[in-house]
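Student: Sharing a structure, written as structure tokens. Questions coming.
The values are calculated or read from the model by the stated rules, or taken from the named source; none is laboratory data. If you're wondering where the values come from, they're calculated on a predicted model, not measured in any experiment. Every residue, glycine among them, receives a Cβ derived from its backbone with ideal geometry; neighbour counts consider all protein chains shown. The protein model used for the area step is the full one, side chains on, heavy atoms only, and it has no ligands, DNA or RNA in it. Shrake-Rupley method; radii C 1.70, N 1.55, O 1.52, S 1.80 Å.
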Amino acid sequence: MATVKFNIKNREYNQIATTTILKNKIMKNVILGILVFLTAITVQAQEPKKKKNAQYDIEVNGNCEMCKKRIEKAAFSVKGVKSADYHLDDYTLHLILNEEKCSIKDVKNAIAKVGHDTDEVKATQKDYDNLHGCCKYERK
């Protein structure tokens, strides 16, 4: 009789221990899930938002109306550029672009590819040499 009571108490103890272990595992998973969720929200909040109508003014070397047309055409060749207006008087290209589709670096690379230096990206010597005589500016 003593062994029967002991076995019954032992089973009850095992059931209680198993239930407690399962509850602890569930709680750990719930807490882990909450932490992952909060981390994802924090990371997403720290990414800079991309604007659909971002405005930039960049310095571009050019001399004449042919340069103006070439620079604007190169800027418009980049998907996402909405407006490009080059001013010969201050050597500035005024841009409006969709940052979801392109970056300012893409535009500067396209302009350098047609032979014009920007404030950050310089045209290769080969691209510069392909410019018309009146379009050759003093390189820095």
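Student: Can you name every residue in the stretch 85-140 that is open to solvent by less than 60 Å² (accessible area, probe 1.4 Å) and among the β-branched types (Val, Ile, Thr)?
Tutor: Thr92, Ile96, Ile104, Val107, Ile111, Val114, Thr118, Val121
Student: Residues of the stretch 77-96 being over 19 Å from the mean Cα position of the chain (by Cα) and not in a strand (DSSP E or B), which ones?
Tutor: Listed by number, the residues that qualify are Ser77, Leu88, Asp89, Asp90, Tyr91.
Student: Regarding Asp129, is this residue free of Cβ contacts under 8 Å to residues at least 24 places away in the same chain and either among the acidic types (Asp, Glu) or in contact with a Cys (Cβ under 8 Å, 6 or more places away or on another chain) (or both)?
Tutor: The answer is yes for Asp129.
Student: Then there is this: If we scan the stretch 100-114, do we find a residue that is part of a loop (DSSP other than H, G, I, E, B) and modelled with pLDDT of 95 or more?
Tutor: For the stretch 100-114, residues part of a loop (DSSP other than H, G, I, E, B) and modelled with pLDDT of 95 or more: present.
Student: For the stretch 74-106, give me each residue that is in contact with a Lys or Arg (Cβ under 9 Å, 6 or more places away or on another chain), closer than 12 Å to Val60 by Cβ and among the small types (Gly, Ala, Ser).
Tutor: Passing the criteria: Ala74, Ala84.
Student: Against the condition charged (D, E, K, R), modelled with pLDDT of 95 or more and either surrounded by fewer than 14 Cβ atoms within 10 Å (Cβ to Cβ) or assigned to a helix (DSSP H, G or I) (or both), how does Lys73 come out, does it pass?
Tutor: Yes; evaluated as a whole, the condition is true for this residue.
Student: Which residues, taken from the stretch 48-65, are within 14 Å of Asp85 (Cβ to Cβ), open to solvent by less than 30 Å² (accessible area, probe 1.4 Å) and not in a strand (DSSP E or B)?
Tutor: Gly62 - this is the single residue of the stretch 48-65 that is within 14 Å of Asp85 (Cβ to Cβ), open to solvent by less than 30 Å² (accessible area, probe 1.4 Å) and not in a strand (DSSP E or B).
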